[in-house]
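Asker: Structure in structure tokens, see below.
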Amino acid sequence: MFVIFCFLLMIRVGRCIDDQKFDVKTVAAQENVTLTCPREKRLDDEKLYWIRIISGHQPEFLGRTFVFDYEEVNQTPHFTTKQGPGTFILHIHQTQISDTGLYYCIGAETLKMIFLRGVFLKVEGPQSSISGIIQAPPSAAVHPGESVSLQCSVLSDSEKKTCSEDYRVHWFRAGSHQSHPSFIYTHGNNAECGNSSQKCFYNFSKKVSVSDAGTYYCAVAACGEVMIGNGAKLDIKDSNKRPLNHTEIALCIVCAALAASVTVSVYLIWTIKNKNCNCER
């Protein structure tokens, strides 16, 4: 039954678009929204319904009335349905992002449904001015005991900002043997910004040990969202385990050759002495 109902919705939506009865409405979160549906008397037993369909959910009943004048008001903390002059009204109190979906006004009588109006309501949350986060790995190899500085560049576009912004910058590290990133540091108001404040730099410095190897992520929390940078990989070069240079490799080869030569010489001397002993007998 649910599949058939959805199929009918799709058919009628196309027809509503032709009749200019299907609208798209975009609002900001926390706004109040009022949707209206024409209330024309056709049959005395006809009823009007407001329903909505949200992705991943079954159709939801929001309210009902009759085509004739009827003073009943259906009210919840979030929805109110009532009659207006020649209309059936749906009022949404302080919209939330989760209210984004399809809203339909349906006229129903025995064995018949008429789609009177459809609205796709899009609720947008507050937008941050942050447009990107850039991280770069250290330019040179780092050894234990040395100090390293990691930089996080936060790009912003103030024209896109729609919320009162007060963001914070955090650092996390994901080591090679860790299943979850570990929190390291939170910046205060110590950024270095350009003249236009469209690019700010946050530096994180510390003296490293071998266990500090891993990927370091810069995360910015603003307007209820978190943006994470691409990460900067930090490799620690252990001086006790440094690779051999060309001179050391050559010496190792010479030593190995000398050792092999001595071994062969001893073996030949031992063989000759054994043969001489056998001859004297």
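Asker: Could you list, in sequence order, the residues of segment 75-99 that are surrounded by fewer than 19 Cβ atoms within 10 Å (Cβ to Cβ), outside any strand (DSSP E or B) and β-branched (Val, Ile, Thr)?
Answerer: If the condition is that a residue be surrounded by fewer than 19 Cβ atoms within 10 Å (Cβ to Cβ), outside any strand (DSSP E or B) and β-branched (Val, Ile, Thr), then 76, 97 are the ones that fit.
Asker: Going by the structure shown, is residue 111 farther than 30 Å from residue 153 by Cα, loosely packed, with under 15 Cβ neighbours inside 10 Å and of a type in the set (A, V, I, L, M)?
Answerer: Values: farther than 30 Å from residue 153 by Cα: yes; loosely packed, with under 15 Cβ neighbours inside 10 Å: yes; of a type in the set (A, V, I, L, M): yes.
Yes; evaluated as a whole, the condition is true for this residue.
Asker: Consider segment 100-123. How many of its residues are modelled with pLDDT under 85, outside any loop (DSSP other than H, G, I, E, B) and more than 17 Å from residue 63 (Cα to Cα)?
Answerer: 1
Asker: Right, here's the next one. Is it fair to say residue 55 is in a loop (DSSP other than H, G, I, E, B) and crowded, with 19+ Cβ neighbours inside 10 Å?
Answerer: Numbers: in a loop (DSSP other than H, G, I, E, B): yes; crowded, with 19+ Cβ neighbours inside 10 Å: no.
No; evaluated as a whole, the condition is false for this residue.
Asker: How many residues, within segment 167-206, are modelled with pLDDT of 80 or more and not small (Gly, Ala, Ser)?
Answerer: Total satisfying the criteria: 16.
The values are calculated or read from the model by the stated rules, or taken from the named source; none is laboratory data. These numbers were taken from a predicted model, which means no experiment stands behind them. All Cβ positions, even for glycine, are placed from backbone atoms using ideal geometry, and neighbour counts span all protein chains on display.
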